[in-house]
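Here the structure comes first, spelled out in structure tokens, and everything after it is commentary.
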Protein chains: 4
Amino acid sequence: MRAVQVIGYHRDLEMTEVPAPSAVDPHDVIVRIGGAGVCRTDIHILEGQWEQKSGVTLPYTIGHENAGWVHAVGSAVTNVAEGDKVIVHPLMTCGLCRACRSGDDVHCARSQFPGIDTHGGYAEYLRTTARSVVKLDDSLEPADVAALADAGLTAYHAAANAARRLRPGDRCVVIGAGGLGHIGIQVLAALTAAELVVVDRNPDAVDLGRSVGAHHGVVADGTHVAQVAELTGGEGAEVVLDFVGEGGSTREGLAMTRRAGDYHVVGYGENVDVPTIDLVSAEINIIGNLVGSYGDLCELMVLAARGKVTLHTTKYPLADFQKAIDDLDAGRVRGRAILIP
Amino acid sequence: MRAVQVIGYHRDLEMTEVPAPSAVDPHDVIVRIGGAGVCRTDIHILEGQWEQKSGVTLPYTIGHENAGWVHAVGSAVTNVAEGDKVIVHPLMTCGLCRACRSGDDVHCARSQFPGIDTHGGYAEYLRTTARSVVKLDDSLEPADVAALADAGLTAYHAAANAARRLRPGDRCVVIGAGGLGHIGIQVLAALTAAELVVVDRNPDAVDLGRSVGAHHGVVADGTHVAQVAELTGGEGAEVVLDFVGEGGSTREGLAMTRRAGDYHVVGYGENVDVPTIDLVSAEINIIGNLVGSYGDLCELMVLAARGKVTLHTTKYPLADFQKAIDDLDAGRVRGRAILIP
Amino acid sequence: MRAVQVIGYHRDLEMTEVPAPSAVDPHDVIVRIGGAGVCRTDIHILEGQWEQKSGVTLPYTIGHENAGWVHAVGSAVTNVAEGDKVIVHPLMTCGLCRACRSGDDVHCARSQFPGIDTHGGYAEYLRTTARSVVKLDDSLEPADVAALADAGLTAYHAAANAARRLRPGDRCVVIGAGGLGHIGIQVLAALTAAELVVVDRNPDAVDLGRSVGAHHGVVADGTHVAQVAELTGGEGAEVVLDFVGEGGSTREGLAMTRRAGDYHVVGYGENVDVPTIDLVSAEINIIGNLVGSYGDLCELMVLAARGKVTLHTTKYPLADFQKAIDDLDAGRVRGRAILIP
Amino acid sequence: MRAVQVIGYHRDLEMTEVPAPSAVDPHDVIVRIGGAGVCRTDIHILEGQWEQKSGVTLPYTIGHENAGWVHAVGSAVTNVAEGDKVIVHPLMTCGLCRACRSGDDVHCARSQFPGIDTHGGYAEYLRTTARSVVKLDDSLEPADVAALADAGLTAYHAAANAARRLRPGDRCVVIGAGGLGHIGIQVLAALTAAELVVVDRNPDAVDLGRSVGAHHGVVADGTHVAQVAELTGGEGAEVVLDFVGEGGSTREGLAMTRRAGDYHVVGYGENVDVPTIDLVSAEINIIGNLVGSYGDLCELMVLAARGKVTLHTTKYPLADFQKAIDDLDAGRVRGRAILIP
């Protein structure tokens, strides 16, 4: 089959012919790729940023946001059958460790991450397991939802986590209305009756945030902390979701958080640097958020099937992978770029 | 009545005669002081550290850890009667704001703090309200429990908060086995079946921690992060309670926290300074903890009445207030110093 | 002022002149009534069903669903001021008992219930306290929301309680789409992404349920348990909310509940009669629901102000109280009847 | 190997030679039995009470409370190795359904139940899977803990479930201090600071309950509901755990439950028959409890290893199975009877 592979760091990807994977282990599932999301992480991989962390052996097939159709299943697979439309959770997990057994499979003690540390989905077929495939509603197409497998799932996880404490009338600030943030806003609007405030440096992103559910928009022009204070009666918001995590957003996000409130870190880059006295005297919590669990992905697909979460995509034939990467790097992609084999 | 007052910053306290308070408002409760805890904060007040923050008008009566007997009550008081033994919650709260109505009275929108921003308990009588008095079990004496009103309550709040997620076999590290930490350990031992690890620079404190319930003791000698790693199978603890908050304990505490774990800040001094990528990739939460609520104080008094939380005290006549302060400042007090009018 | 009073059981109400209440206690609030809901309970009171339970001394003013404007306040009231538009929580609560302090004021140890055991709101003015008044958004009018004070609040409480466990894609069956049920559906639609199924004997009520947010409608024609089974893949629903509680609905509701599911009792009349082996082997919970707390009422008013919960009302001048009662008794009221002084 | 089998209903068990099981599927684990608990359910099976429910094909090997040593493992097993001491969770679960993935494996959509619907542990070897074995602490012996696998696990599940809401000073009534109840009391004492009240018809059982942690003992002599009322200030207990479920215990248990309290059904036999008005007006919850999850069993083994949960056992050689059954049936077993191959 055709596969797009990393053949070296600081070099372009190359398309090559490799053997298609087959179902060897009893829980294996082979997915015929219907769409693979192109993510900024893919560019970081080529830059070598993941070389130490992943320890992957080159060459290998990249691509960690995948959806398609079940092509073959191992002997013990009972939850999907050949032909089923599926989205693929980004991790392959063991199912036996405490984390896996309690629904927190993201913290699996022995997980693999296709596209990062083993073969991914820029290809015609992908090997994953029964534990990682979620059946899609008839109304959804793999290429349309592929990018929800990682970027969307991270946003869902943080927003659904935050939603657990948001009561009607509570205020939730979303910092950053980009790829993740605008999904987060849709999720909050679907799961809560909180008052949503979107903050972004880009006025267009603020408009996007308002169009998908935010009640108030604030352009981050230097007065934004004060504006949020005004919108929240001087108290700050019960919850702040920071999808940026750099350029000062952590300090600002904490300043927007009210007493006994939660500041969620999703985006990353800079340090959180805060006096302990401030955390103690205001009883503020700083909550780390990683990608969502398999259960989170099931729930996100329910919202997608209901039309409550939508994502703009730009599709490219798999052979045009380089153009997709270049367009992403140059900021020319609207929404998410998707490769179609 | 006699009262010990702040008459100026950077000056000694002075005992003087002042009018005894009386029950004016319908919810007022006048407490005849049976014991008032001497706290390091009292020294900080004299150093002027609270001058701006409290805005209190001098002279005023200091002392925020109080217990005694109900001397008089206002017309609307139904929960206590003259003669009842009581401990006094450190805040006077409004009862009408959202925080007060949901059990989170510590975040009352209009609270007063006797001993800090209004008259406190280094005196024969104290004015507080029906919302702040907790009746004591027959087996408890005011002078023995007074110091649980603030220091103990803070430790209880953090430990009880942490206990909500600790399952049997989970590991909980307590950093600092001083005044607060050794109460925290007793609370954890009473409320959980977690495995408790105490960490302190002082070997005597480590021994104290073990004697009140910790299963493992670690002297903070530079190898303590590694020792905790070894005690937790290389994973770190599900929960870390940091009663120190300075001298590097925040960095070390976070390093002792396992993936998806909670790091609780109780002590304060330095900054938490941590890369967002670390919070995100390990999904760690940083939890701020302030003093406990009225409900927390009720629960702590249950543990005290059962003998599950005990506190060593050194008692001084009220007139010896200066000696108590001097002894505390010089590190000569074992447990907590208590003034007895 | 004019007031409509119970002067004897099994007799009609009578309008009479009584002294207007005034603010005596420091937390008293006098409300000028803008609307008072007419409830089936009012008819039951006249039938003597509450005579023993309430122990009220006749004559007294009836009416427990009240909203209006603040007319006068006691000396300690800080949360509302003269002229504020307010809805009145049906209970007057003490604020000092454990239930009140933890947000569960409905279980106050010393509550009063205006309209049931003390003077209510079929009158020009009502005495309540600062703890029972919720300020209304500018967009809401007292007469439009008065019936949310009790009937709507009960539905909100049960639905918001159920919402805590409903994840996207979970199924929730609402039995009964009458006065409470159709509010419950609106609340579930606002707070969850669950799949909502409405069941009612009356096809018009089923249509109403669908029009306010239910995804599926089932007419209770004898096949309804089987229909719900089919809609839920043979498993039953994660949550069933029974707003009927009689005529066999408890047995049917339990039969619609899936393993590890919750069956909420809101309406009442018959007995729940179920083999313990069924509760144990399927791990089903039966959840009792009373009226909502003050916090629930605040949240419901947020949904009302956003237009997410609406109620059809038929208004009558206060003097036409008998006609309103007669119309309700004869089934001629669409939505809720409201008396306007 | 030797195995004790059901060869027909209403007939005695028979010991016979059968082929030992081997690890066929990749997650299979073969356990050499160290002890198998003899349970009243085994007698019920012989009486034919499970014939329809289980649909098992005769002859088959009985025994559902098993512990021993890992004898062989399938190719995909990573959590145990040959020679490990293990206790066996009573269910074999799929690991792929929603219940399994969220920690609620007891509600697995495709579980098997060795000893009930497939071969159990009255034998030298048992086939189970990697998902069902929990490694034992060095200090524990299989024959001593085997009966915790089902009876103990059920008690743990209910008590740990109840413990989540019990705050220090709350009251918890345990009805029935037999095999399950006396484990439940030990678990409550380990996990909570609640005030525990044991109720039993048998004064010896009441004494046992007090000796393992109950603070108050009540002999069920007809005045027990009144006695509990007196012990709880007339309010009833926040939580009631009913390990009996027959002979009137459900009505009495509900009468002992305070407003907003939880009544847990664990034992079964009679119907719960309660007016809906009582559930609604007091907001009481009736909670069904089945056996515990794999996670519950892990936690219970932590308590056992710490000596916080102990069980009296009477051991019999496997060949004396009939004597063990007869002794149990005649009430001659103190604690639990255990068969040792």
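The values are calculated or read from the model by the stated rules, or taken from the named source; none is laboratory data. Here the structure is a predicted model, which means the values were calculated and not measured. Backbone-built Cβ (ideal geometry, glycine too); neighbour counts: all protein chains shown. Just the protein is used for accessible areas: all its heavy atoms, side chains included, with ligands, DNA and RNA removed. Shrake-Rupley method; radii C 1.70, N 1.55, O 1.52, S 1.80 Å.
Taking the centroid of alpha carbons for each part, segment A:1-55 and segment C:166-189 are 45 Å apart. Peptide B:1-14 is shielded by partner chain Cβ atoms: per residue, an average of 0 of them sit within 10 Å of its Cβ. Candidate cross-link partners of A:Lys315 among the aspartates and glutamates, defined by an alpha-carbon separation under 15 Å and a same-chain spacing of 8 or more, comprise A:Glu65, A:Glu141, A:Asp144, A:Asp326, A:Asp327. With contributions of -39500 (n - 2.57) from each DSSP H run of at least four residues, the per-residue ellipticity at 222 nm computed over chain A stands at -7500 deg cm²/dmol. For the options C:Ala162, C:Ala109, C:Ala76, a Gaussian network treatment of chain C with springs between C-alpha atoms closer than 10 Å singles out C:Ala76 as fluctuating the most. Overall shape: prolate for chain C, with the ratio a/c of the largest to smallest alpha carbon gyration tensor axis at 1.5 or above and a/b above b/c. Between rounded, prolate and oblate, where does the protein assembly as shown land on the alpha carbon gyration tensor, with a ≥ b ≥ c its root eigenvalues, rounded for a/c under 1.5, else prolate if a/b exceeds b/c? Rounded shape, in that the Cα axes give a/c under 1.5. The residues of segment C:294-341 occluded by other protein chains by 50 Å² or more of accessible area, set against the chain on its own, are C:Glu299, C:Arg306; surface from heavy atoms, 1.4 Å probe. Remark: label point of B:Thr78 defined 7 Å out from Cα along the Cα-Cβ vector; separations to the same position in other copies 2.2, 5.7, 6.1 nm, ascending. Across peptide A:23-35, the mean count of Cβ atoms from other chains lying within 10 Å of each residue's own Cβ comes to 1. Remark: accessible area buried at the B-C interface is about 1300 Å², both chains counted, probe radius 1.4 Å.
Electrostatic tally near B:Cys100: other residues with Cβ closer than 11 Å to its Cβ, Lys and Arg +1, Asp and Glu -1, net +4.
If you sort C:Glu51, B:Glu270 by accessible surface, 1.4 Å probe, largest first, the order is C:Glu51, B:Glu270. Inter-copy label distances at C:Arg110, using a point 7 Å along Cα-to-Cβ, come to 2.1, 6.1, 6.3 nm with the shortest given first. Could you work out how far the C-alpha centroid of segment A:312-332 sits from that of segment D:200-215, in angstrom? Cα centroid to Cα centroid, the span is 73 Å. For segment A:42-184, carbon and sulfur atoms together expose 47% of the accessible surface, with a 1.4 angstrom probe and every protein chain in place. Within the shell of other residues whose beta carbon sits under 13 angstrom from the beta carbon of C:Gly179, the net charge comes to 0, with Lys and Arg scored +1 and Asp and Glu -1. To put it simply, the accessible area of segment A:202-297 at a 1.4 Å probe is 49 percent carbon and sulfur. Taking Cβ atoms as reference points and 13 Å as the exclusive limit, the residues near B:Leu58 contribute a net charge of -2, counting Lys and Arg as +1 and Asp and Glu as -1. Each other copy places its own label point for A:Met15 at 7.2, 8.4, 9.2 nm from this one, sorted shortest first, where the point lies 7 Å along the Cα-to-beta carbon line. Interface burial in segment B:279-293 reaches 40 Å² or more for B:Leu279, B:Val280, B:Glu283, B:Asn285, B:Ile286, B:Gly288, B:Leu290, comparing the full protein assembly with the chain by itself; accessible area from heavy atoms with a 1.4 Å probe.
A simple packing score, the average count of other Cβ atoms within 10 Å per residue, orders the peptides A:181-190, B:140-149 as A:181-190, B:140-149, with the highest score first.
For the residue pairs B:Lys85/B:Lys308; B:Lys135/C:Lys135; A:Lys135/C:Lys308; B:Lys308/D:Lys308, the alpha carbons lie more than 27 Å apart in B:Lys135/C:Lys135; A:Lys135/C:Lys308. Averaged over its residues, segment A:153-288 has an accessible area of 32 Å² per residue, based on protein heavy atoms and a 1.4 Å probe. What residues in segment C:181-207 lose 40 Å² or more of accessible surface when the other protein chains are added to their chain alone (1.4 Å probe)? Listed by number, the residues meeting the 40 Å² cut-off are C:Leu191, C:Ala193. Ordering D:116-127, A:3-14, C:244-255 by mean Cβ neighbour count within 10 Å, with the highest value first, yields D:116-127, C:244-255, A:3-14. Overall shape: rounded for segment A:14-154, with the ratio a/c of the largest to smallest alpha carbon gyration tensor axis below 1.5. Summarise the partner chain shielding of B:163-172 as one whole number: the mean count of Cβ atoms from other chains within 10 Å of each residue's Cβ. Mean number of neighbouring Cβ atoms from other chains: 4.
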